[in-house]
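Asker: Pasting a structure below so you can have a look.
The values are calculated or read from the model by the stated rules, or taken from the named source; none is laboratory data. Quick caveat, the model's predicted, so the values are computed rather than measured. Don't worry about glycine lacking a Cβ; one is built from the backbone with ideal geometry, like all the others, and counts go over all protein chains shown. The accessibility values were calculated without ligands, DNA or RNA, using every heavy atom of the protein model including side chains. Shrake-Rupley method; radii C 1.70, N 1.55, O 1.52, S 1.80 Å.
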Amino acid sequence: MKRLLTVSMFIAILLPVLVMPGVSCTNPSPALSTPHPPLQAPVQASPVKQDAGNEKATQDTSSEDSTDQPVRKMEKDLFDRVNKVRTDKGLHPLTFDDTAYQAAMAHSLDMARRKYFAHKSPEGHSVTYRLGQLDFEFINTTWGENIAMNHNFPDPAGATLKGWIDSPGHYKNMVKKEYQYSAIAIVKTEEEKYYFTQVFWGKL
């Protein structure tokens with residue numbers, strides 16, 4: 001009986017786990033709007049003014065530790081897969097944006113290090129706060145956020161994409177036509193847990 005219990009516990013530990021929060025979104029408006037998270041749903045807000053115009057930001061991974069390269073590749077692959085969902089619906093693809101990446105990475109790192117999973121930090125800071133720390137211009141801008149966490153999936157990015165597509169709130173963020181810029185940041189812990197954050201924004 002003791003041996004059976006041990007085996008059962010081992011199997012349970014290895015089962016894949018996908019955690020989907022509510023959607024964090026704010027409605028687009030010329031002024032700053034307040035995000036209201038559902039499920040741990042996606043977050044949406046309003047479009048941003050960018051001095052660089054349509055110039056594409058590029059992600060520099062040359063200084064990354066080699067052990068991080070597979071995770072950086074996973075970020076790019078998932079970003080491309082999200083764009084395929086958009087283009088299959090006749091929408092323009094999202095352009096990688098460094099400000100979105102910094103905000104996304106700050107949140108993925110914080111969730112992984114402090115072992116929580118929510119759009120808001122324990123202090124109550126949302127994606128709006130994180131963007132504000134990066135001097136983001138909120139006027140005439142819409143913005144949003146999707147997050148996910150999973151464990152023991154052979155394809156963590158694929159599991160996350162499916163979860164976002166199957167969740168109406170997350171999917172709405174993925175295919176929102178007003179979004180033009182985005183980035184995905186992934187953090188992998190020593191326990192093989194993956195924390196995903198995607199930040200979106202666009203000009204109104």
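Asker: Carbon and sulfur: what percent of segment 99-144's accessible surface (1.4 Å probe)? Each step should come with its number before you reach the end.
Answerer: Details: 1040 of 2090 Å².
Exposed carbon and sulfur together represent 50 percent of the surface.
Asker: Next question, about the same structure. Can you check what the net charge comes to around VAL127, using other residues whose Cβ is under 10 Å from the Cβ of VAL127 (Lys, Arg +1; Asp, Glu -1)?
Answerer: +1
Asker: I'd like to check one number: the per residue accessible area of segment 141-185, probe 1.4 Å, reported in Å² as a whole number. Please report the intermediate quantities before stating the final value.
Answerer: Details: 1390 Å² over 45 residues.
It amounts to 31 Å² per residue over segment 141-185.
Asker: Run the 1.4 Å probe and let me know the accessible area of TYR181, rounded to the nearest 10 Å².
Answerer: 10 Å²
Asker: For PHE200, PHE136, write out the residues from largest to smallest accessible area, computed with a 1.4 angstrom probe and no ligands counted.
Answerer: On the way: PHE200 0, PHE136 20 Å².
From most exposed to least exposed: PHE136, PHE200.
Asker: Residue separation times 0.36 nm, minus the C-alpha to C-alpha distance between ASP98 and LEU134: what's the value? Could the numbers behind the result be given before it?
Answerer: On the way: separation 36, 0.36 × 36 = 12.96 nm, distance 1.03 nm.
Result: 11.9 nm gained on full extension.
Asker: I'd like the accessible area for ASP166, computed on protein heavy atoms only with a 1.4 Å probe and all protein chains in place. Round to 10 Å², please.
Answerer: 100 Å²
Asker: Can you quote the Å³ per residue value for the convex hull of the Cα atoms in segment 122-171, rounded to an integer? Intermediate values should be presented prior to the final figure.
Answerer: Values: hull volume 5.9 nm³, N = 50.
Output value, Cα hull per residue: 118 Å³.
Asker: While we're looking at this one, here's another question. Once all Cα-Cα distances of segment 55-204 are split into 10 Å bins that start at 0, what whole-number percent is in each one?
Answerer: All Cα pairs considered, the percentages come to 11, 44, 37, 8, 0.
Asker: Computed FRET efficiency, Cβ-Cβ of LEU91 and SER121, R0 35 Å: what is it to the nearest 0.05?
Answerer: Values: r = 31 Å, r/R0 = 0.89.
So the FRET efficiency works out to roughly 0.65.
Asker: With all protein chains present and a 1.4 Å probe, how do ILE139, ILE147 order by accessible area, largest first? Walk me through the numbers on the way to the answer.
Answerer: Values: ILE139 90, ILE147 0 Å².
Correct descending sequence by accessible area is ILE139, ILE147.
Asker: OK, next. If you take all C-alpha pairs in segment 149-204, what percent of them are over 19 Å apart? Walk me through the numbers on the way to the answer.
Answerer: Details: 527 of 1540 pairs.
So the pairs more than 19 Å apart make up 34 percent of the total in segment 149-204.
Asker: Can I ask one more? Compare ASP110, ASP97, ASP88, ASP80 by solvent-accessible area with a 1.4 Å probe and give them largest first, with all protein chains kept in place.
Answerer: Details: ASP110 40, ASP97 10, ASP88 110, ASP80 70 Å².
Listed by decreasing accessible area, they come as ASP88, ASP80, ASP110, ASP97.
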